[in-house]
Every structure is written in C-alpha cells, then in structure tokens.
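Report on one structure; see the data block that follows.
The values are calculated or read from the model by the stated rules, or taken from the named source; none is laboratory data. What you are looking at is a predicted structure, and each value in this text was computed from that prediction instead of being measured. Heads up, the Cβs are rebuilt from the backbone with ideal geometry, glycines too, and the neighbour counts pull from every protein chain shown. In case anyone asks, the SASA skips ligands and DNA or RNA and just uses the protein heavy atoms, side chains included. Shrake-Rupley method; radii C 1.70, N 1.55, O 1.52, S 1.80 Å.
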Amino acid sequence: GAGVSQSPRYKVAKRGQDVALRCDPISGHVSLFWYQQALGQGPEFLTYFQNEAQLDKSGLPSDRFFAERPEGSVSTLKIQRTQQEDSAVYLCASSKDSPNYGYTFGSGTRLTVV
Amino acid sequence: DQQVKQNSPSLSVQEGRISILNCDYTNSMFDYFLWYKKYPAEGPTFLISISSIKDKNEDGRFTVFLNKSAKHLSLHIVPSQPGDSAVYFCAASVKAQKLVFGQGTRLTINP
C-alpha cells in the first residue's frame, strides 16, 4: 500500500489479556519504529528494527513488551498480561534508509485496557 | 526527564496572522530537530526539519528557527490558515537515531 498500515485501529483488552498489534510498513522501507503515545503526551520511542534485526529496544517499558519483524517487513508488537497503564496509542513508523529522518507514521492502534 | 519540552499546551491564532510555536530542549547532543503535525485519529506527519549546523530553514509558509545557545527552537507559520489547526510536535534526535518528542501544542486557527 501507499502508506504504513496498522491493525487493529482500536483494541479493548481485559486486564491480564495478551494483545498483538500489527504494522505493515511501506514496501521496501528498511527501518521500522514503534512508539507509544499516552493521552496528552508526545510519542515515546519503544523499539527500532533495521530489516529483521532489532537494533534498539531500550524504550520497551517492561519484559511484558515484545516486538518482532521476522522477515524484515511486517512487524508485530506483543504485550503480555496487559495492565491499565498500557492504555495508549501505539504508532508504527517506517523509513526508506537506515537510519533516516524521513519517517512515515501509521494511524496507530488505540489500546484500551479495562 | 523531559529532554524536549513544549510549554504551551494550546495556542489560538486568527486566520492570516502569524503562528509561533515554541520548543525547548536540554540535551546538547541533539543534532537534528523536526516538527510534526497531527490531526485527530491520524499519525504524525512530517512538516519541516533543521540541522544543528543551521539556524533557519524555510519551506513555503513554514520556517523553523534554531537558537543553540538558548537550546530553543520555534516554528513560524505565516499566514496561518484554518487547515493548520492541529497538534504540533517538535522532536529531536542524536545522529539520526530515535526521535525524542515534546508533549505537543494544539494550534487553533480562528476564522
């Protein structure tokens, strides 16, 4: 597709449930980033992939968060045993070069943990 | 610690006038600065950027100014248009790595 696609757009999870958020980057984009945006805040870095290699996961808030990009294209962010503080919009961005500032963001997945 | 700060949560400007959005940072290692615009239910869209070796970059109605000694940057929009109403985020980076975002400023352009 023409842009970065994220699914689902909205997810409601019961506390303790596992969730998986998907990101389809722009075809051919080498770099892929995940950001978390809490209500009223700016996006915060979670993790970064260059092709299939996860080069930086310093922003993942706990070991309940796990991201993968096994074939260097689609990426999945998994959150285990969700907590209320995980409620946020999760944004995925991709860029052609690595690293590069020309990020294109997806519309995000809004996760609500109840 | 908040390395990038946007101290004004909101700003209201009359159509046709100048909008000035401000951003302060604390990390002197930042070497690249960007502004993003965000509409509701959409991801941030890149607007304009500036390298730390410059003090000004202009693109149409948008100009970004960087004052390194004050660790301050600003975005000027002139003339402001109704379609400019959105949330604006400044962001900074060290050597093209991850972006550090400010909290955002909601800009409203009044007709």
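For segment B:19-58, the tally of residues that are outside any loop (DSSP other than H, G, I, E, B) and free of Cβ contacts under 8 Å to residues at least 12 places away in the same chain stands at 4.
Which residues, counting only those in segment A:1-23, are among the aliphatic types (A, V, I, L, M) and over 20 Å from A:Ala93 (Cβ atoms)?
Residues of segment A:1-23 that are among the aliphatic types (A, V, I, L, M), as a first pass: A:2, A:4, A:12-13, A:19-21.
Matches in segment A:1-23: A:Val12, A:Ala13.
Of the residues in segment B:21-29, not one is open to solvent by less than 50 Å² (accessible area, probe 1.4 Å), at positive phi and modelled with pLDDT of 95 or more. In segment B:71-111, counting only strands (runs of 3 or more DSSP E) that sit wholly within it, the ones holding 2 or more residues that are within 22 Å of A:Thr104 (Cα to Cα) and within 14 Å of chain A (Cβ to nearest Cβ) span B:86-93, B:105-110. Screening A:Val12 with (1) within 26 Å of A:Leu55 (Cα to Cα); (2) touching a residue at least 40 places away in the same chain (Cβ under 8 Å) gives one miss only, at (1).
Condition check ((1) open to solvent by 10 Å² or more (accessible area, probe 1.4 Å); (2) closer than 23 Å to A:Asp56 by Cα; (3) touching a residue at least 24 places away in the same chain (Cβ under 8 Å); (4) in contact with a Lys or Arg (Cβ under 8 Å, 6 or more places away or on another chain)) across all residues:
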{"site": "B:Ser69", "(1), (2), (3), (4)": "yes, no, no, no"}
{"site": "B:His76", "(1), (2), (3), (4)": "yes, no, yes, no"}
{"site": "B:Ala92", "(1), (2), (3), (4)": "no, yes, yes, no"}
{"site": "B:Ala96", "(1), (2), (3), (4)": "yes, yes, yes, no"}
{"site": "B:Leu99", "(1), (2), (3), (4)": "no, yes, yes, no"}
{"site": "B:Leu107", "(1), (2), (3), (4)": "no, no, yes, no"}
{"site": "B:Asn110", "(1), (2), (3), (4)": "yes, no, yes, no"}
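Specify which of the listed residues (A:Leu39, A:Leu55, A:Leu32, A:Leu60) is in contact (Cβ under 8 Å) with a residue 40 or more places away in the chain, touching a strand residue (DSSP E or B) at 6+ places or on another chain (Cβ under 7 Å) and more than 9 Å from every other protein chain (Cβ to nearest Cβ). Break it down stepwise before answering.
On the way: A:Leu39 fails: touching a strand residue (DSSP E or B) at 6+ places or on another chain (Cβ under 7 Å); A:Leu55 fails: in contact (Cβ under 8 Å) with a residue 40 or more places away in the chain; A:Leu60 fails: in contact (Cβ under 8 Å) with a residue 40 or more places away in the chain.
Within the list A:Leu39, A:Leu55, A:Leu32, A:Leu60, the selection yields A:Leu32.
In segment B:1-18, the residue that is nearest to B:His76 (Cα to Cα) out of those that are in contact (Cβ under 8 Å) with a residue 40 or more places away in the chain, among the charged types (D, E, K, R) and not in a strand (DSSP E or B) is B:Arg17.
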